[in-house]
Structures are given as structure tokens and as C-alpha cells.
Amino acid sequence: MMAWAHGMYGYGPPMGWGLLGWLYPLFLVGLLVLGAYLVARALAPKRQDRALEILKERYAKGEIDKETFERMKRDLA
């Protein structure tokens with residue numbers, strides 16, 4: 001680990017960076033975590049959209065009447 005932190009063998013930040021030499025790998029890990037979070041968030045279904053779809057399905061099946069549908073739809077907005 002020390003060899004990597006001091007930039008030996010051409011890997012990692014150059015020697016003489018001091019504290020920045022230790023922050024560099026943390027920065028890279030932070031970027032990876034942020035990227036994974038953003039991808040997961042983009043791929044996750046929107047909760048409110050799913051709730052509205054369920055509400056529309058219940059109305060289409062006749063489980064709820066028009067007034068209930070409109071009231072619940074307003075509540076979701």
C-alpha cells in the first residue's frame with residue numbers, strides 16, 4: 001500500500017504530493033460511488049408514477065368510482 005501511495009512504479013499520484021497523495025484514491029472511490037448512485041437512481045422506477053398506474057388500473061377494473069379516482073389522483077399530485 002505504501003508503494004502505491006508514494007507513486008512508485010508509475011502508479012498513483014507522483015511523489016511529494018503529501019496529503020493529496022492520500023486524498024486522490026478517496027476521490028476516485030467517491031466518484032465511483034456517486035456514479036453508481038446516479039445510475040441506480042436513474043434506473044429505479046418512479047414511485048408516484050407506479051401509484052398512479054395502480055390507481056388507473058383500479059378505476060378501469062371498476063373497483064373505485066369516478067369521484068374516488070379523481071380525489072385520489074389529486075392526493076397523489
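The values are calculated or read from the model by the stated rules, or taken from the named source; none is laboratory data. A quick note: this is a predicted structure, and the numbers were derived from the prediction, not measured. No Cβ is skipped: glycine too gets one built from the backbone with ideal geometry, and neighbour counts run over all protein chains shown.
A few comments on the model shown:
- A residue that is at pLDDT 90 or above and acidic (Asp, Glu) cannot be found anywhere in segment 43-52.
- First in segment 51-64 and closer than 15 Å to Ala77 by Cβ, second anywhere and modelled with pLDDT under 95 and surrounded by 15 or more Cβ atoms within 10 Å (Cβ to Cβ), Cβ under 6 Å, 6 or more apart: Leu55/Met72
- Within segment 18-64, the only residue that satisfies the criterion of being surrounded by 10 or more Cβ atoms within 10 Å (Cβ to Cβ), assigned to a loop (DSSP other than H, G, I, E, B) and not aliphatic (A, V, I, L, M) is Glu63.
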